[in-house]
Each structure stands twice: as C-alpha cells, then as structure tokens.
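Colleague: Have a look at this one.
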Amino acid sequence: MRIHFCLRRAAVMAALLPLTMAAGCMSANKRLEQGMKLEERGRPAEAARRYVDALRRDPSLADARTRLEESGRLAVEQYLRESDAASTAGNHADAAESLLRLDDFRRDVAAVRVDLAVPANYVQHRRAVLDAAIDASIDQGAQLAESGRYGDALGRLERVSRWQPSAEQRRAVDGARLDTYSGWMSSESAAGRHRGAYQVAERAINTLGRQFPGMERLVEAQQYAIDEGTLRVAVLPIAASREAERTLPASFLRDVENELESGAWARPPAFVEVIEPYQVRREARRFDLDDLGYTSEAARLGRQVGADLVVMLEVDSVAITEPDPARERRAARTRSGADTAYVVRSGRRDGWTRVRYAVVSVDDRRIVTRDYVAPEASRDFREAEFAGDWRQLLLDDDARRLFDPSRRDDARANLMLDLSRRLAEQLSREVYEQVLSQVR
C-alpha cells in the first residue's frame, strides 16, 4: 500500500512540475515586461530591480540579463549624481545615504551574476563622503544641543553608526553624546526638573554604559537629582468604615499592612522615601484621623514626621460571594440507621474589597489626589452541608473532610490572604504613581 501511494504521489508531482515551471517562467517574463516599462519612463534603478527579480526566477532569461547590464549602468550613474548633488548642497547625510543605497543595489545585482562597474576612485570617494557625513552630524548635534534640542541632537549623533565610522570617529561621537546628555541633565536640573534629569542620566548609562569614560559625572549628577527631588511620604495605618469592620476578618488589615511594610513600602522607587511605618503609627495615635476628610489633621501629622505628602487609606466595602455554586445531593445513613441525604456545594468563591485613598500635600493641606482601588481574588471550594448534626452521619474520610469546619475556615482565610496581597500590590502601585506625579 505504501509503495502504491508513493508511486501515485510521484506521478502527481511529475504532472505538476511542468505547470510549476511554466508559472515561474510567466512570473519572470512579467518582471521583464515591468522592467522594460520602467526603463522607458526613465527610472533605471527600479527597472533594474525588476530585471533582478526576473533573473532570480529564471536565470536563463537572456533579455533580462542584457537589459540589467544597461539599466544597472544608468542606475549607478544616477546614484552617483544624487550623491554629488547632495554634497554640493551641503546635505552630507543624504550624500552618504545615496552611496549606501548604491552599495545595496550593486550587491543585489551581483547576486544574479551581473557586475556593475563604478569609477576607479570609488572606494576613496565613498570614504570621503561618509567622513563628511560623520563630521557634519557631530557639528549639527552640537548646534542642536546649544539651542536646547537635546533629543534631536542625539538623533543626529546616533545615525552615524550607519556610515561605518572608524574607532577614532566612534570615540568622538560617543564623547559628543556624553556632552549632550550632560548638557541636557544640567538644563533639567536648572529648571528644577529633577526626575527629568535622572531619566536623562539613566538613558545615557543604558546607551553608553556605566564604565564609559566621563560617565561618573553623570552618575554623580543623577544622585544629586534624587537627593534634591525625593519626596518623603507618610502612609497612615489603614482604617475601615463601620460597614467594612462588620464584614472584615480581624486579621485582614494587619495582613495588608504587613504585606505593604515588608514589601512595597520597604522598597520605594527612586524619588520616594517612605517614612518608617512604626514612627507614623506612633504619631497617628495623637491625631483624629478616622476619616479621609480630615486633611488638616493629616497635614499636621505630616509636619511632625517631616513628610512632604501624607497618604490616607480606608477600606469602605468588602464582599465574599459564591456565584452559581453547583449542588450535588448525596444519600447517607445516620448512626441510628435512618436514611437521609446531604448536599455537596462546589464552585468558585470570590472576594472583593474597595479601598479609598487620598494623597495630601503637607505644605498647603491640599488633597493632591483622591481615588480608590478595588482588587478581587478567587478560590475554588467544595463543601458539604446537612440540615441536622452532620456528626450523626455515617461517612467515609473524604466525605467527612467536606464537613470539617477548620478546613472551611482555612479556605476562607486563604481567600482573604490572597485578597490582602492583591490589595497591597494594587494600592502600592497606584500610590507610588500618584506620588511620582508630584516629583518635578
């Protein structure tokens, strides 16, 4: 059977081969026709590329080869004229790019075994054009930086890598880039934009490397920007509304605060300093801070601990739901021998909470921002329930575990622990975003 199948497949392929070859020839001839039309319109470079495509599809196409030699010669002359015109006009980058396009063009043509001649001094001429483009870019970068257009200046310098710079030219360009970054940082710092200065230094380090000669002065300036721009933040203990207090487990707020204090509050981003939570808690006992509206009290506490901003937090809602649980009725017998039944409930248990927060400016007692986060968490559950005393049922170990109250309590506790972690993650991320938005 397999031999018969292989023979049939070979016969089919043999039958298709002439069709495939014919399609290839038609495609090659089509490219030839397109090239001839482009040639008639005075577009030799585009025509030559069509002839290259034709020869890739059918290397035996003599007309395409002949026409490629002629249109290719004209295209070479065209690229050289464009480069010379750009150089004369002082557009050295455009002159260099024209020669790079010529190089790419000649490589494509050579791939189909057609050599295109260039002037005898082409190698020296090409190097001179590329060098002029490199020198011009360094000069233009310096001029743009002097006018405060630092991003544009770096763009001019970064494109130099296309023009095959020597080791000495690369050093000169990198030195110019370092000077541009340094000038940019100084401009940001002078304007009081410390975070902007920090980001410029970070970009310089990522681009040139921390070990680049002279980078140490940018690293020092970066540290200065952090020192000058850092905001001290006091995060008040999380409060809970009366409604939330009736629903929340006793350990929930403590779990959230432990998660924050051992995680996000202990590892703030650059430009944020979180004041030690125990110090804030100690001071908070002396103030009336039960509501997010008490901004004047929060600002007064902030002054006591040397904060620039105070963050007030309150859990105002919490809910645990079991959407559409499955119910399975199971027959059972009691210890006294009576027939009865219990129900096994299974599905997903969802936890949800909402925490409002406010960021208060200590200097003017103004609420910088007021918002909330509403994280969710879910866990699968499988539990049993019985109208009477389940301990009177004759059950195997697996069924008895479904009634175990400690197992049920653990499941709910784990859900709330997941929720506390989600809350800590979202809350810290949003609070840090709001604080960083106040950094100049």
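Colleague: Please give the contour-minus-distance gain from A270 to E70: 0.36 nm per residue of separation, less the Cα-Cα distance, rounded to one decimal in nm.
Modeller: Taking A270 through E70 to full extension adds about 65.6 nm, to one decimal.
Colleague: What are the residues whose amide H is under 5 Å from the amide H of Y372, where those residues sit 5 or more places off or on another chain and H is modelled from the backbone?
Modeller: Y357
Colleague: Can I ask one more? Return, for the Cα atoms of segment 299-380, the radius of gyration and Dmax in Å, separated by a comma.
Modeller: Cα-based Rg and Dmax for segment 299-380 come out at 24.6, 77 Å.
Colleague: Now for a different question. Evaluate segment 295-440: find the radius of gyration of its Cα atoms, find its Kirkwood radius, and give the ratio Rg to Rh. Mind dumping the intermediate values first?
Modeller: Values: Rg = 23.9 Å, Rh = 18.9 Å.
The Rg/Rh ratio comes out at 1.27.
Colleague: Based on DSSP H runs of at least 4 residues, each adding -39500 (n - 2.57), what is the mean residue ellipticity at 222 nm of the chain after dividing by all its residues, to the nearest 500 deg cm²/dmol? Before the final figure, lay out the partial values.
Modeller: Working: 15 runs with 262 residues, N = 440.
Helix-only estimate at 222 nm: -20000 deg cm²/dmol.
Colleague: Considering the zone a paramagnetic label at A374 would reach in this model (a point 7 Å from Cα along the Cα-to-Cβ line), which residues of segment 408-440 have amide N under 13 Å from it?
Modeller: Answer for this model: none.
Colleague: What is the projected area of the convex hull of the Cα atoms of segment 23-95, averaged over all directions, in nm²? Please list the in-between numbers first.
Modeller: Numbers: hull surface 20.3 nm².
Over all viewing directions, segment 23-95 projects a mean Cα-hull area of 5.1 nm².
Colleague: Return the FRET efficiency for the residue pair A85, E202: r is the Cβ-Cβ distance, R0 is 35 Å, and the value is rounded to the nearest 0.05.
Modeller: After rounding, the FRET efficiency stands at 0.25.
Colleague: Could I ask something else about it? Provide the net charge surrounding R401, with neighbours chosen by a C-beta distance below 13 Å and charges set as Lys +1, Arg +1, Asp -1, Glu -1.
Modeller: -2
Colleague: Between R56 and S296, what is the label-to-label distance in nm when each label sits 7 Å out along the Cα-to-Cβ direction?
Modeller: Placing both labels 7 Å along Cα→Cβ, they lie 7.8 nm apart.
Colleague: With a 10 Å cut-off between alpha carbons and a GNM built on the chain, which of R281, R333, R203 moves the most?
Modeller: Among R281, R333, R203, the largest mean-square fluctuation in the Gaussian network model of the chain belongs to R333.
Colleague: In whole Hz, what ³J(HN,Hα) sequence does segment 190-204 give by Karplus (6.51, -1.76, 1.60; θ = phi - 60°), x for Gly and Pro?
Modeller: With coefficients 6.51, -1.76 and 1.60, one gets 4, 8, x, 8, 5, 5, x, 4, 4, 5, 5, 4, 4, 5, 5 Hz.
Colleague: To continue, here is another question. Each residue of segment 433-440 in turn: what ³J(HN,Hα) in whole Hz from Karplus with 6.51, -1.76, 1.60 and θ = phi - 60°, glycine and Pro shown as x?
Modeller: 3J(HN,Hα) across segment 433-440, in whole Hz: 4, 5, 5, 5, 5, 8, 7, 7.
Colleague: Size of the dipole of the chain about the Cα centre, Lys and Arg at +1 and Asp and Glu at -1 on the beta carbon, nothing else charged, in debye to 20?
Modeller: 1660
Colleague: On full extension of the chain, what length is gained from R348 through A387, given 0.36 nm per residue of separation minus the C-alpha to C-alpha distance?
Modeller: Details: separation 39, 0.36 × 39 = 14.04 nm, distance 2.25 nm.
Gain on stretching R348 to A387: 11.8 nm.
Colleague: Keeping every protein chain present and rolling a 1.4 Å probe, give me the accessible area per residue for the chain in Å². Can you show the working numbers first?
Modeller: Numbers: 24730 Å² over 440 residues.
That works out to 56 Å² for each residue.
Colleague: On to the next question. What three numbers, in Å, describe the spread of the alpha carbons of segment 274-345 along their principal axes, ordered from the longest?
Modeller: Reported extents, whole Å, longest axis first: 72, 26, 21.
Colleague: Can you check what the Kirkwood hydrodynamic radius comes to for the chain, Cα pairs only, in Å to one decimal?
Modeller: 30.3
Colleague: Which residues' amide hydrogens lie under 5 Å from the amide hydrogen of V274, considering only partners 5 or more residues apart or on another chain, with H built in the peptide plane?
Modeller: The list, which skips near neighbours in sequence, is V233.
Colleague: Calculate the tail of P(r) for segment 192-242: the fraction of all Cα-Cα distances greater than 19 Å, expressed in %. Before the final figure, lay out the partial values.
Modeller: Working: 553 of 1275 pairs.
Summing the P(r) tail past 19 Å for segment 192-242 gives 43 percent.
Colleague: Using the Karplus curve 6.51 cos²θ - 1.76 cosθ + 1.60 with θ = phi - 60°, work out ³J(HN,Hα) for each residue of segment 82-92 in order, rounded to whole Hz, and write x for Gly and Pro.
Modeller: 4, 5, 5, 5, 5, 4, 4, 7, x, 8, 5
Colleague: Still on this structure, I have one more. Principal axis extents for segment 201-282, Cα atoms only, whole Å, descending order, please.
Modeller: 62, 23, 17
The values are calculated or read from the model by the stated rules, or taken from the named source; none is laboratory data. Owing to the predicted nature of the structure, the values given are computational and were not obtained by experimental measurement. As a convention, Cβ positions derive from the backbone with ideal geometry for all residues, glycine included, and neighbour counts pool all protein chains shown. Heads up: the accessible areas ignore ligands, DNA and RNA and are worked out on the full protein's heavy atoms, side chains in. Shrake-Rupley method; radii C 1.70, N 1.55, O 1.52, S 1.80 Å.
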